[in-house]
Amino acid sequence: QVQLVESGGGLAQAGRSLRLSCAASGSLFSLKTMGWYRQAPGKQRESVVNITGTGNTNYADSVKGRFTASRDNAKKSVYLQMNSLKPEDTAVYYCRMTWGRYDDWGRGTQVTVSS
């Protein structure tokens, strides 16, 4: 059973930064695509960024130029550096791991951006 544990969420003022982390258990981490997703109150969960095992990324237009995803395969971790935060970035942020038929989610971490 893979476990994904997010951390680093919290309260930030608009324009400031936060860094999220997601630590994974299990093996073959470097082969697995990791993703950050978010869900704001009353809205559907949406993709923020996906990052492949080799580090290729695909960002949502709403975060391009502000958010940067990275991963450390040796530490089985993925990160999301969020700069120039906006109130509309307020959401629960989830980490996701996919590989073949496997699809695992973390429990999420709350990010709240005040204006």
Which of the residues that make up the range 99-115 are in a loop (DSSP other than H, G, I, E, B) and without any contact (Cβ under 8 Å) to a residue 60 or more places away in the chain? 100, 101
Anything in the range 87-98 that is touching a Ser or Thr at 6+ places or on another chain (Cβ under 7 Å), part of a strand (DSSP E or B) and more than 9 Å from residue 38 (Cβ to Cβ)? List them, or say none. 98
Out of 23, 60, report the one residue that is within 20 Å of residue 108 (Cβ to Cβ), touching a Leu at 6+ places or on another chain (Cβ under 9 Å) and surrounded by 14 or more Cβ atoms within 10 Å (Cβ to Cβ). 23
Go through (1) open to solvent by less than 40 Å² (accessible area, probe 1.4 Å); (2) farther than 16 Å from residue 113 by Cα; (3) of a type in the set (S, T, N, Q) for residue 90 and report which single condition fails. (2)
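The values are calculated or read from the model by the stated rules, or taken from the named source; none is laboratory data. A quick note: this is a predicted structure, and the numbers were derived from the prediction, not measured. Virtual Cβ from ideal backbone geometry, glycine too; neighbours counted across all protein chains shown. Just the protein is used for accessible areas: all its heavy atoms, side chains included, with ligands, DNA and RNA removed. Shrake-Rupley method; radii C 1.70, N 1.55, O 1.52, S 1.80 Å.
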